[in-house]
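One structure is given here, and the rest of the page talks about it.
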Amino acid sequence: MDLIADIGGTNTRCALVRDGRITGVRRLRNADFTGLSEVLLHYLAELGRPGAPEAVALSVAAPVIEDRIALTNLRWSFSRRTLATTLGARRLHVVNDYTALAWSLPHLRADDTVAIGGGSADPRAPRAVIGPGTGLGTGALVPTDDGDWTAVPGEGGHVTLAAANAREAAVIAHVRERVGHVSAERLLSGPGLALLYRTLAELDGVRATTPDPAQVTAAAAAGDARADEALELFLCMLATTTADLALTLGARGGVYLAGGILPVFPDRVRASGFRARFEDKGRYASYLATIPVRLITCEEPAFPGLREIIRRGRPPLDPGR
């Protein structure tokens, strides 16, 4: 028996892997726990304490560099060595959440995604994944010389956000006055959508509190003009960042949209200016026009990638760290 878990900024999703099958899926609210080990032990207790897992694979919204890992959008940190001992696991694999998603890409079925335009994927070209949620994650799956694949971790959500027109430039400048560096994640995330709405109001001379992101999307669906502008701006700026990632990686194998926000309104993504903005790169418009973009809509998309990491047996816990 193996244990897999996807630790996001808001929820932790857990499951067991038995004979290659993913079972016992649970979603637990991080706010109900004080740390990661408490969540995982609670999950195992919920299942009647099935015993110590042979291997554990975790995806975390954070860089994975040293033994101690601090989550970017959650006030948790943990030691990989200590966690392995606490769980009684012989092997512990910890990867960035979008590295796990990258490993999942070959395992997605056709009905796990929705097409957002483009041509046909090159089956041996790099693939990219990007997604707004509590933060903004990025990952890549690239081919190797021996015919296999490898996932490349990254922190592309923290690149500097670029403007494509005067309105976006005004928004970014207004936010920069408050926070300094404006990363893509600053505006292209759940909190970012709420900040976008408030910033647009302030630019228009209207005082506004920062709403809940779900309130912005609900207001947009109900016809509120400012909420609709905020959502459209969000999708177009995300498209610019996504196209930048696709060009950087040469992701002719396809670009995948993930995260907790976009799957809630796939029809709006398709009807928005996302695709036109994605291709709006001057001399490289025709290059981008051939790249298919797909929105991942299935539940727990990181789980197949975590299972694949255990199957491959890498990257293992480094006992020297």
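Would you confirm whether or not segment 170-179 contains a residue that is without any contact (Cβ under 8 Å) to a residue 24 or more places away in the chain and assigned to a strand (DSSP E or B)?
No, the conditions are met nowhere in segment 170-179.
Out of LEU238, LEU257, LEU262, LEU306, report the one residue that is touching a residue at least 60 places away in the same chain (Cβ under 8 Å), buried (at least 23 other Cβ atoms within 10 Å of the Cβ) and assigned by TED's automatic domain parsing to the domain that holds ALA57.
One residue alone meets the criteria, LEU306.
Take the conditions under 26 Å from ALA121 (Cβ atoms), among the aliphatic types (A, V, I, L, M) and crowded, with 22+ Cβ neighbours inside 10 Å and apply them to ALA276. Does it pass?
Judged against the criteria, ALA276 is not a match.
Residues are listed down the side, and each one gets a yes or a no for (1) in contact with a helix residue (DSSP H, G or I) (Cβ under 6 Å, 6 or more places away or on another chain); (2) over 30 Å from PRO123 (Cβ atoms):
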residue: ALA151; (1), (2): yes, no
residue: ALA164; (1), (2): yes, yes
residue: ALA169; (1), (2): no, yes
residue: ARG178; (1), (2): no, yes
residue: LEU200; (1), (2): yes, yes
residue: GLY205; (1), (2): no, yes
residue: GLU232; (1), (2): no, yes
residue: CYS236; (1), (2): yes, no
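Condition check ((1) assigned to a helix (DSSP H, G or I); (2) of a type in the set (D, E, K, R); (3) surrounded by fewer than 21 Cβ atoms within 10 Å (Cβ to Cβ); (4) modelled with pLDDT under 90) across all residues:
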{"residue": "LEU28", "(1), (2), (3), (4)": "no, no, yes, no"}
{"residue": "VAL39", "(1), (2), (3), (4)": "yes, no, no, no"}
{"residue": "PRO50", "(1), (2), (3), (4)": "no, no, yes, yes"}
{"residue": "VAL64", "(1), (2), (3), (4)": "no, no, yes, no"}
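Please work out if VAL206 is crowded, with 24+ Cβ neighbours inside 10 Å, among the β-branched types (Val, Ile, Thr) and not assigned by TED's automatic domain parsing to the domain that holds ASP6.
The answer is no for VAL206.
Please verify whether GLY51 is under 30 Å from PRO143 (Cβ atoms) and either among the small types (Gly, Ala, Ser) or out of contact with any helix residue (DSSP H, G or I) (no Cβ under 6 Å at 6 or more places or on another chain) (or both), treating the condition exactly as stated.
For GLY51, the condition - under 30 Å from PRO143 (Cβ atoms) and either among the small types (Gly, Ala, Ser) or out of contact with any helix residue (DSSP H, G or I) (no Cβ under 6 Å at 6 or more places or on another chain) (or both) - is not met.
In segment 113-155, how many residues are under 30 Å from ASP212 (Cα atoms), surrounded by fewer than 17 Cβ atoms within 10 Å (Cβ to Cβ) and in contact with a Pro (Cβ under 6 Å, 6 or more places away or on another chain)?
0
So, in segment 279-303, of the ones that are of a type in the set (A, V, I, L, M) and in a helix (DSSP H, G or I), which residue ends up surrounded by the most Cβ atoms within 10 Å (Cβ to Cβ)?
Filtering segment 279-303 for residues that are of a type in the set (A, V, I, L, M) and in a helix (DSSP H, G or I), the one surrounded by the most Cβ atoms within 10 Å (Cβ to Cβ) comes out as LEU288.
Looking at segment 73-116 only, could you name the residues that are under 21 Å from PRO263 (Cβ atoms), hydroxyl-bearing (Ser, Thr, Tyr) and not in a strand (DSSP E or B)?
Correct list: TYR98, THR99, SER104.
The values are calculated or read from the model by the stated rules, or taken from the named source; none is laboratory data. Nothing here was measured: the structure is a model prediction, and the numbers come from that model. Note that we place each Cβ from the backbone using ideal geometry, even for glycine, and neighbour counts take in every protein chain shown.
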